[in-house]
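Enquirer: To start, I am sharing the structure in question, which I have written as structure tokens.
The values are calculated or read from the model by the stated rules, or taken from the named source; none is laboratory data. The model shown is predicted, which means the values in this text are computed figures rather than measured ones. Here the Cβ is made from the backbone with ideal geometry for all residues, glycine too, and neighbour counts use every protein chain on show.
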Amino acid sequence: MTPLDLDPVSTAVVLIDLQQGITGLKLAPHASADVVRRGRQLADTFRECGATIVFVRVQLTEMASLPVDAPGRPPGAAPPPPAAMELVPEAGFRPGDLLVTKRQWGAFYGTDLDQHLRRRRVRTIVLGGIATNFGVESTARAANERAFELVLAEDAMSSLSAEAHAFSIQTVFPRIGRVRTTEQIIAGIRP
């Protein structure tokens, strides 16, 4: 595994769905609180170095409108409360950070994320959040298709099962980016 050499000026930390309606889920292999804490550590450290910080949240009330075998809510269920879409305070959103609202699993489709990153001349995305094989993987695949370099923070993401997390980490992510721990990523910031 080669060490990282991340230029903060051309790097963005993108954190997926660290919001009230999602962080309460039972996750594996990393607990939600640990994912949020490590995501904040990445954001705080990179922010101090001048990197772009992006928080992405999903508009839960607009999700799952198409017929699928595993619907998100039973028919007739009340929509999630507005607070479900709010970022958890522990995530550390700050003035100057970008907030992108998505309506699908991936953070690029139907949003201005690509435009924000291109205007800031971002070439590398450090990616984390919830859930590894849903929003994070969808965003990673779309970033790869747009020729961004990817660094995937294995311990700053988690899923509904350890097996689902492991599949993305071991099978998908190494083919489209570099998988590292939060500690390894921070150590790879160019002085």
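Enquirer: So which residues in the stretch 1-28 are in contact with a Phe, Trp or Tyr (Cβ under 7 Å, 6 or more places away or on another chain) and more than 21 Å from L98 (Cβ to Cβ), if there are any at all?
Expert: none
Enquirer: Would you be able to say whether some residue in the stretch 158-169 is within 21 Å of T45 (Cβ to Cβ), buried (at least 21 other Cβ atoms within 10 Å of the Cβ) and either among the hydrophobic types (A, V, I, L, M, F, W, C) or under 12 Å from the mean Cα position of the chain (by Cα) (or both)?
Expert: As a first pass, look at the stretch 158-169 and keep what is within 21 Å of T45 (Cβ to Cβ): 158.
Filter once more, so that each one left must be buried (at least 21 other Cβ atoms within 10 Å of the Cβ): 158.
When the remaining residues are screened for being either among the hydrophobic types (A, V, I, L, M, F, W, C) or under 12 Å from the mean Cα position of the chain (by Cα) (or both), the result is 158.
Yes, that holds for at least one residue.
Enquirer: Please go through the stretch 29-62 and give me each residue that is over 19 Å from D97 (Cα atoms), of a type in the set (A, V, I, L, M) and either crowded, with 16+ Cβ neighbours inside 10 Å or free of Cβ contacts under 8 Å to residues at least 60 places away in the same chain (or both), ordered by number.
Expert: Across the stretch 29-62, the qualifying residues are A33, L60.
Enquirer: OK, next. Among the hydroxyl-bearing types (S, T, Y) and over 16 Å from R57 (Cα atoms): which single residue out of T111, T181 fits that description?
Expert: Every option except T181 fails the conditions.
Enquirer: Looking only at the stretch 1-47, which residues are in a loop (DSSP other than H, G, I, E, B), closer than 24 Å to Y109 by Cα and either acidic (D, E) or more than 12 Å from the chain's Cα centre (by Cα) (or both)?
Expert: D17
Enquirer: Hey, among the residues in the stretch 63-99 that are at pLDDT 75 or above and among the aliphatic types (A, V, I, L, M), which one's surrounded by the fewest Cβ atoms within 10 Å (Cβ to Cβ)?
Expert: Of everything passing the filter in the stretch 63-99, A83 is surrounded by the fewest Cβ atoms within 10 Å (Cβ to Cβ).
Enquirer: Would you mind finding the one in R180, R141 that is among the charged types (D, E, K, R) and farther than 18 Å from R38 by Cα?
Expert: Residue meeting the stated conditions: R141.
Enquirer: What are the residues in the stretch 121-147 that are surrounded by 20 or more Cβ atoms within 10 Å (Cβ to Cβ), free of Cβ contacts under 8 Å to residues at least 40 places away in the same chain and not hydrophobic (A, V, I, L, M, F, W, C), if any?
Expert: T132, N133, E137
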